[in-house]
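We did not get these values from a lab; they are worked out from the coordinates using the rules stated. As the structure is a computational prediction, the values presented were derived from the model and not from experiment. Here the Cβ positions follow ideal geometry from the backbone for every residue, glycine too, while neighbour counts run over all protein chains shown.
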Amino acid sequence: MSLRARLARTWAERRSAPWTPPGPARAALAACAAAAAFAMTLALAGGWAAERWAGAREAGFGRAATVVLAEGSEAALAAAREVLETTPGIAAVAEATPPEDAEPDVAVLAVTLATPEGPDAEALNLRLGATVPGAVYDDHAEWRGPLLASARGGRRLGWGTAAAAAASGLVVAARLGWAAGAEAGPAAVLLARLGATRGEAIRRAAAPAAWRAALGGALGAGLAGAGFAAARAMGIDPGAGTGLTLAPEGFAWAGLAAAPAALAGAAWLGARGAAARALGRAGITDGRDG
Amino acid sequence: MAAIAFRGVTFGRGGRRLLDGVDWTLEPGEIALATGATGAGKTALLDLCALETSPEAGEIEVLGARRAEAALRRRIGRAAQAPDLMPHMTAAENVALPLRLAGLAPAARKAQAEELLAWLGLPAERAAALPATLSAGERRLTELARAAAGGGDLILLDDPTGDLDDDGAEKVAEMLIALAAHGAAVVAATGDDAFARGLLRRPETRPLRLEAGRLVGRAAG
């Protein structure tokens, strides 16, 4: 058959009646999938936002340390810099503004650690003390720990919420898919009695449910995405551009497609299960379990 | 090769023994007309012939197969006692369903379905109607046409003239004779005496009466 003939045939088949009759469960599936995808997309965006927030906190505080010099002459600063720059585990050193209530001669160096653990504080203090008397290295361990813990907690909360929303949406899609498959079960049995293989009959019964879930899911995720974009365009996303915005950034936009795909998969599995059960009850097993 | 071969088949339903060690064969081109009292097991006999039910004892071979897999189901045209039609498809689309499953192009199957329905006495405008708007007799004719449309080697019909008037029943008899003439084996369970008498005058028809677990007046074997 030529390509043109194939296309003509496909077009003609598309105008044929669907293989299985529509029903209320299949209709409900589209609406529920839209709502579930909307919620899943928001929760997923929340997970990403929590991830970015936690990452920003870890980067900002997790690797910050200071060296305070009691006498901040040029020579003392240069000597302290040399010690720090030759210490493994230190990524960068920069002069920082001393606190307002500090003595006039005090100077502060801001140290960026190469790893969250940083260098051995005791050994570094010994080296600094020997080179620049009165210089003290402080890795802020007493407040850095709680900050990192809160960042980890925020990340867990964000992804946990996303996982719970995703699980709920998938369960709803699978259950409605099952109902749609059960609704199409008699049609699947009839198709099999008329000569369809068991697999074909199951596919014909399950595919509309999966498509409905995919379309509803795409609508829900699309609405959520449009909401993010509109909020940003209207300037009502205060975190825009800072990495703390709720709207997905970069490749995370592609994640919007995940919700409809996952919902369609869940609905398809549910509908397949119900159709297979209907065929099994009618004694149509094609050698599987009969 | 026989279209249907029962060898020592024993079968019961609802605590009643319907068949007890029955041997029976039906050849291609023959029509078996199953009669018997209500509950005698006529529908069960058709289920056994479709291999949708397994006997308690004995062996059944249908068109050379012992399992109702898709390849066998495609060769069997079946009409149930209560017509089972797709509610969202027109009468013609229902009739064309086996042809659609077989991969026939839409225009060809539509033409074939409409021709078959017209031959059975269902006009074109009724062929384009949904089952919910058809009369009981029209639904019956639609299902019979669908059973015949697949060009099956075995046709199983349960009460084919139920809901039909005399003209309709006569058309059904003509259809069965035509199918048998094309080499199909036909098993029809009926309680319609006039229909049965008409068909029994034909040489290809074999009477088959279910009585106390036996097939009386069997075709052969």
> Sequence-distant or interchain residues sharing an amide H contact under 5 Å with residue A:71, placed H: which?
Replying inline: A:107
> D for the protein assembly as shown, whole µm²/s, Stokes-Einstein with Kirkwood Rh over alpha-carbon pairs at 20 °C and 1.002 mPa s: what number?
Replying inline: 74
> Taking only DSSP H segments of four or more residues, each worth -39500 (n - 2.57), what value at 222 nm results for chain A once the sum is divided by all its residues, to the nearest 500 deg cm²/dmol?
Replying inline: -22000 deg cm²/dmol
> Summing +1 for each Lys or Arg and -1 for each Asp or Glu, what net charge is found among the other residues whose Cβ lies under 15 Å from the Cβ of residue A:79?
Replying inline: -3
> By its C-alpha gyration tensor, with a ≥ b ≥ c as the square roots of the eigenvalues, how is segment A:64-205 shaped: rounded for a/c under 1.5, else prolate for a/b larger than b/c, else oblate?
Replying inline: prolate
> At a Förster radius of 45 Å, what calculated FRET efficiency corresponds to the Cβ-Cβ distance of residue A:130 and residue A:150, to the nearest 0.05?
Replying inline: 0.75
>> For chain B, I need the span (max minus min coordinate) of the C-alpha atoms along each principal axis, in Å, sorted largest to smallest.
In response: 49, 35, 34
> Taking the Cα atoms of segment B:54-131 alone, what are Rg (to one decimal) and Dmax (as a whole number) in Å?
Replying inline: 15.6, 49
> What angle, in degrees between 0 and 90 and rounded to the nearest 10, separates the Cα long axis of helix B:91-101 from the longest principal axis of the Cα atoms of chain B?
Replying inline: 70
> At a Förster radius of 51 Å, what calculated FRET efficiency corresponds to the Cβ-Cβ distance of residue A:3 and residue A:121, to the nearest 0.05?
Replying inline: 0.10
>> If I model a spin label as a point 7 Å beyond the Cα along the Cα-Cβ vector, how far apart are those points for residue A:71 and residue B:174 in nm?
In response: 12.5
> How high is the relative contact order of chain B, given as a whole-number percent (alpha carbon pairs under 8 Å, six or more residues apart)?
Replying inline: 31
> Between segment B:105-122 and segment A:189-210, what's the alpha-carbon centroid distance in Å?
Replying inline: 24
>> Which residue, B:50, B:40, B:183, has the largest displacement toward the positive end of the dipole of chain B when charges sit on each Cβ (Lys, Arg +1; Asp, Glu -1)?
In response: B:50
> Other chains' Cβ within 10 Å of B:70-77 residues: what's the mean?
Replying inline: 5
> Is segment B:4-45 rounded, prolate or oblate when judged by the Cα gyration tensor, a ≥ b ≥ c being the square roots of its eigenvalues, rounded requiring a/c under 1.5 and prolate requiring a/b larger than b/c?
Replying inline: oblate
> Under Stokes-Einstein, with the Kirkwood radius over Cα pairs standing in for Rh, what whole-number D in µm²/s applies to chain A at 25 °C and 0.890 mPa s?
Replying inline: 102
>> For a Förster distance of 30 Å, can you work out the FRET efficiency between the beta-carbons of residue B:136 and residue B:182, rounded to the nearest 0.05?
In response: 0.60
> Taking a spot 7 Å from the Cα of residue B:1 along the direction of its beta carbon, which residues of segment B:31-65 have an amide N less than 11 Å from it?
Replying inline: B:62-65
> Counting Lys and Arg as +1 and Asp and Glu as -1, each charge on the Cβ, what is the dipole of chain B about the Cα centre in debye, to the nearest 20?
Replying inline: 500
